[in-house]
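Only one structure is covered here, and it is reproduced in the block below.
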Amino acid sequence: MVVGPNEEGVVRNENPTSRGQLMVVATPIGNLGDLSARALALLQSADVVYCEDTRHSRTLFSAHGISARQRLHALHEHNEASQCAEIVERVAQGEQVVLISDAGTPGISDPGARVVAAVIAAGLDVSTAPGPTALIGALSISGLDTERFVMEGFLGRKVGERAARYEGWHREERTIVFYESPQRLATTLGELAERFPDRRVAVVRELTKLHEEVLRGSVADVAAVVASREILGEIVVVLAGAPAQTPLSDELIVAALNEHMASGLSLRDAVNRVVEQLGASHRETYARALRLRADEGA
Ligand code: SAM
């Protein structure tokens with residue numbers, strides 16, 4: 001039964017009465033043996049399979065003896081929007097629609113999220129046969145904290161775009177994961193080495209494939225290795241988060257404010273200096289400085 005929005009606006013999809021369903025199926029990220037038995041059965045029985053590149057998926061199909069039988073349709077970043085209506089219609093008509101990408105899990109730095117959202121919005125059923133995804137594989141063998149992490153996808157080609165991401169990482173305590181191309185890896189690690197030379201990093205390359213390799217070390221050391229040799233293949237970078245921040249004590253802020261005001265700085269300049277120096281909140285430091293001045297005047 002598909003339960004529509006209830007009073008809280010929550011949509012629950014459970015026990016669909018019709019057979020129609022969108023199945024998001026993960027496929028191998030290199031080693032074809034990583035296709036699960038369930039994924040194989042779904043690919044064999046689906047009415048239709050949407051994939052990024054039909055030629056690429058034919059290789060997976062033939063390796064596992066799956067017959068394509070005109071069931072393969074292309075769904076890529078350029079036609080995802082227009083394919084949504086077609087997929088919704090198929091699911092509504094009771095078809096078993098399987099969605100795969102070239103490798104790994106659809107929707108993870110790959111097309112898929114829009115189709116999933118469209119099927120949900122139509123009140124139809126979506127489920128998954130989970131499996132490989134490069135980010136989880138890389139994180140799991142990085143040796144870094146896996147308790148809390150953040151996925152940044154691809155960082156972008158423009159220097160400014162990347163710099164804006166790095167800004168947020170100064171105080172990001174969770175482990176940071178991102179996908180990178182071999183052509184940009186040395187540049188990106190160089191940029192990271194300027195900002196976070198001592199943080200731990202794992203560069204995970206060609207997971208599950210013949211030339212699988214993990215470079216682990218400080219950002220500065222790994223950047224130097226990467227700059228000195230050619231790195232090929234598919235890459236995930238896993239970067240340690242910032243050390244946990246100890247909350248700033250009131251005494252520390254007051255001492256810094258007193259010091260700067262005693263040296264002749266105006267209240268506003270002293271506040272700005274403390275914010276810069278300690279990373280304190282501007283609003284709270286300003287309020288604290290006003291209270292200090294009021295106390296002095298009392
Ligand atoms: N949907 C995929 C997933 O679930 O991982 C990711 C697709 S994204 C377009 C492709 C990127 O994933 C590559 O550029 C690389 O950064 C990463 N990747 C994919 N396969 C990989 C592998 N075998 N080893 C390391 N990184 C891989």
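The values are calculated or read from the model by the stated rules, or taken from the named source; none is laboratory data. This structure is a prediction, so every number in the text was calculated from the model and none was measured. Ideal geometry is used to build each Cβ from the backbone, glycine not excepted, and the neighbour counts take in all protein chains shown.
Residues of segment 73-103 that are within 14 Å of the ligand (Cβ to nearest atom) and among the hydroxyl-bearing types (Ser, Thr, Tyr): SER101 alone.
The residues listed here are LEU265, LEU257; of these, the one that is outside any helix (DSSP H, G or I) and without any contact (Cβ under 8 Å) to a residue 60 or more places away in the chain is LEU265. Do you know which residues across segment 121-136 are touching a strand residue (DSSP E or B) at 6+ places or on another chain (Cβ under 6 Å) and more than 10 Å from the ligand (Cβ to nearest atom)? Matches in segment 121-136: GLY123, ASP125, VAL126, SER127, THR128, ALA129. List the pairs whose first member sits in segment 233-249 and is over 18 Å from MET151 (Cα atoms) and not assigned by TED's automatic domain parsing to the domain that holds VAL275, whose second member is assigned to a strand (DSSP E or B) and within 16 Å of the ligand (Cβ to nearest atom), and whose Cβ atoms are under 8 Å apart, counting only residues at least 6 apart or on separate chains? Taking only residues 6 or more apart or on different chains, the pairs are GLY233/ARG205.
If you scan segment 66-83, which residues turn out to be hydroxyl-bearing (Ser, Thr, Tyr) and closer than 15 Å to VAL48 by Cβ?
Within segment 66-83, just SER67 meets the criteria.
Filtering segment 210-246 down to residues that are in a loop (DSSP other than H, G, I, E, B) and within 16 Å of the ligand (Cβ to nearest atom), which residue is nearest to VAL177 (Cα to Cα)? Restricting to residues being in a loop (DSSP other than H, G, I, E, B) and within 16 Å of the ligand (Cβ to nearest atom), the top hit is GLU234.
Before we move on, is LEU207 within 20 Å of GLY143 (Cβ to Cβ), crowded, with 21+ Cβ neighbours inside 10 Å, more than 10 Å from the ligand (Cβ to nearest atom) and not acidic (Asp, Glu)?
Details: within 20 Å of GLY143 (Cβ to Cβ): yes; crowded, with 21+ Cβ neighbours inside 10 Å: yes; more than 10 Å from the ligand (Cβ to nearest atom): no; not acidic (Asp, Glu): yes.
No; evaluated as a whole, the condition is false for this residue.
This table checks each residue for (1) at pLDDT 95 or above; (2) out of contact with any helix residue (DSSP H, G or I) (no Cβ under 6 Å at 6 or more places or on another chain); (3) aromatic (Phe, Trp, Tyr).
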{"site": "VAL2", "(1), (2), (3)": "no, yes, no"}
{"site": "PRO5", "(1), (2), (3)": "no, yes, no"}
{"site": "THR17", "(1), (2), (3)": "no, yes, no"}
{"site": "LEU22", "(1), (2), (3)": "yes, no, no"}
{"site": "PRO28", "(1), (2), (3)": "yes, no, no"}
{"site": "ARG38", "(1), (2), (3)": "yes, yes, no"}
{"site": "SER45", "(1), (2), (3)": "yes, yes, no"}
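When we screen PHE178, PHE196 for residues that are surrounded by 19 or more Cβ atoms within 10 Å (Cβ to Cβ), more than 15 Å from the ligand (Cβ to nearest atom) and not basic (Lys, Arg), the only hit is PHE196. Sort through ALA85, ALA92, ALA46, ALA37 and tell me the only one that's farther than 22 Å from ALA113 by Cβ and of a type in the set (Gly, Ala, Ser). Criteria check complete, one pass: ALA37.
State whether one or more residues within segment 238-251 are surrounded by 11 or more Cβ atoms within 10 Å (Cβ to Cβ), more than 30 Å from GLY137 (Cβ to Cβ) and touching a helix residue (DSSP H, G or I) at 6+ places or on another chain (Cβ under 7 Å). Yes, because at least one residue in segment 238-251 is surrounded by 11 or more Cβ atoms within 10 Å (Cβ to Cβ), more than 30 Å from GLY137 (Cβ to Cβ) and touching a helix residue (DSSP H, G or I) at 6+ places or on another chain (Cβ under 7 Å). Can you find a residue that is more than 30 Å from the chain's Cα centre (by Cα) and more than 30 Å from GLY33 (Cα to Cα) anywhere in segment 214-222? No - not one qualifying residue is present in segment 214-222.
Counted as qualifying within segment 67-178 are the helices (runs of 4 or more DSSP H) with 2 or more residues that are touching a residue at least 40 places away in the same chain (Cβ under 8 Å) and touching an Asp or Glu at 6+ places or on another chain (Cβ under 8 Å), namely 80-92, 113-121.
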